[in-house]
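The values are calculated or read from the model by the stated rules, or taken from the named source; none is laboratory data. Note that the structure is a prediction, hence the values are computed from the model and not measured. Every residue, glycine among them, receives a Cβ derived from its backbone with ideal geometry; neighbour counts consider all protein chains shown.
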Amino acid sequence: MSELNSIFESMFYTTKGLERWIADCAVSGLAGMLPIAPGRPKLSVMADISAEENIALFALLAERPHKMTWPAIASEVALRGSAVDIWNELHPPTFEGMSDGGGYLSDATEQLQSWAQGGFDVISVLDDRYPASLREIHELPPVLFMRGKVHHDEIGVSVVGSRTASARAISIAENVAGGLVDRGISVISGLAAGIDTAAHLTTLAAGGRPIGVIGTGINVAYPAANRDLHQRVADAGALISQFFPGAPPRRQHFPMRNAVMSGIGRASVVVEASEHSGARIQARLAVDHGRPVILTDLVVNGTEWGRAMIGRPGVHVASSTAETMAVVEEVVSADVLPNESLPVLSLGD
């Protein structure tokens, strides 16, 4: 199985540079190489994913027909509504059933069986448990590994920022997370030190729903000091990874994780960031996804990229939690939020 894991990793984790990766992801479908069923404008979702569908999907991910990226395969499978149909077109069935296609089906079956007792769910893009909002982005992962649960129509907002956050930034993250919990909105963040940890701890203390999106395998805690926080987030909300179990932290994982956080959330709040950071990447991806981005004055005053984003569609600058919540109200359905005035909360000194 170690050989199969290496194959999967080499296919998914190859570093081309983020810009090239995003460009590849934008190419949805098999570029005309496979027939796309007409009249399928919406992604297909199944309430009960058969074992055959999951096996066929993982076999396609390993084979990568026509050198397609994983997000492109995910888009094609979702549009067609079946990984089995695509597999059978590429590998016509025999009298005995589906063709193994050079061993890919057998390897995928063995891999899925090895995860069966892992204590996490394997949720494919065909599964109705797959977050609906994540289906709207080009970088949609073909599969999510999850502990806990994300509701299909989850209303969440990302709170992201620096690992080495200032005291004021920590205070901002805590106030924003608390404001989101007060309004019944899930708090989405990574599991890194600094802003991520502050946002999740506040959410847990307030009885809210944390959603942690990580850049490692679902069973790998990074940093190790947050192992307990991983469990608490999974118990109270959801812990999500798009990477195979056991995957270590890799530099290219974290921009991919940021794309998922942006895709799941209705908006992204960037509390504090450096000139070159994952928070910056998420802000740019959120704009590309058509999601609002809320930058604090710390970001605008402290980075050139923050100042450059002012005036771009969907980009807001907030100097108070009340301003942040006002933007959130604009993008979250009115019937989800309580019909009451928002408290004015300071971002902290």
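Among the residues of this structure, GLN113 does not count as one that is more than 22 Å from the chain's Cα centre (by Cα) and not in a helix (DSSP H, G or I).
Kindly establish whether ARG135 is surrounded by fewer than 22 Cβ atoms within 10 Å (Cβ to Cβ) and under 25 Å from LEU112 (Cβ atoms). Yes. Counting the residues of region 184-202 that are in a helix (DSSP H, G or I) and β-branched (Val, Ile, Thr) gives 3.
Screening VAL176 with (1) part of a helix (DSSP H, G or I); (2) not assigned by TED's automatic domain parsing to the domain that holds SER274 gives one miss only, at (2).
Taking the criterion of being closer than 9 Å to ALA177 by Cα and in contact with a strand residue (DSSP E or B) (Cβ under 7 Å, 6 or more places away or on another chain), the residues of region 192-207 that qualify are ALA199, HIS200, THR203. Being within 26 Å of PRO141 (Cα to Cα), buried (at least 22 other Cβ atoms within 10 Å of the Cβ) and in contact (Cβ under 8 Å) with a residue 24 or more places away in the chain is a property that LEU191 has. Kindly indicate the residue of region 151-173 that is part of a helix (DSSP H, G or I) and more than 26 Å from PRO255 (Cβ to Cβ) and also nearest to the chain's Cα centre (by Cα) among those meeting that condition. So the residue we want is SER171. Residues in region 231-251 that are touching a residue at least 60 places away in the same chain (Cβ under 8 Å) and outside any loop (DSSP other than H, G, I, E, B): VAL233, ALA234, ASP235, ALA236, ALA238, LEU239, ILE240, SER241.
Taken over region 258-307, residues that are in a helix (DSSP H, G or I), among the β-branched types (Val, Ile, Thr) and buried (at least 24 other Cβ atoms within 10 Å of the Cβ) amount to 3.
Screening VAL187 against (1) out of contact with any Leu (no Cβ under 7 Å at 6 or more places or on another chain); (2) of a type in the set (Val, Ile, Thr); (3) closer than 21 Å to VAL332 by Cβ leaves a single unmet condition, (1). Scanning region 99-128 for residues that are of a type in the set (Phe, Trp, Tyr) and out of contact with any helix residue (DSSP H, G or I) (no Cβ under 9 Å at 6 or more places or on another chain) yields a count of 1.
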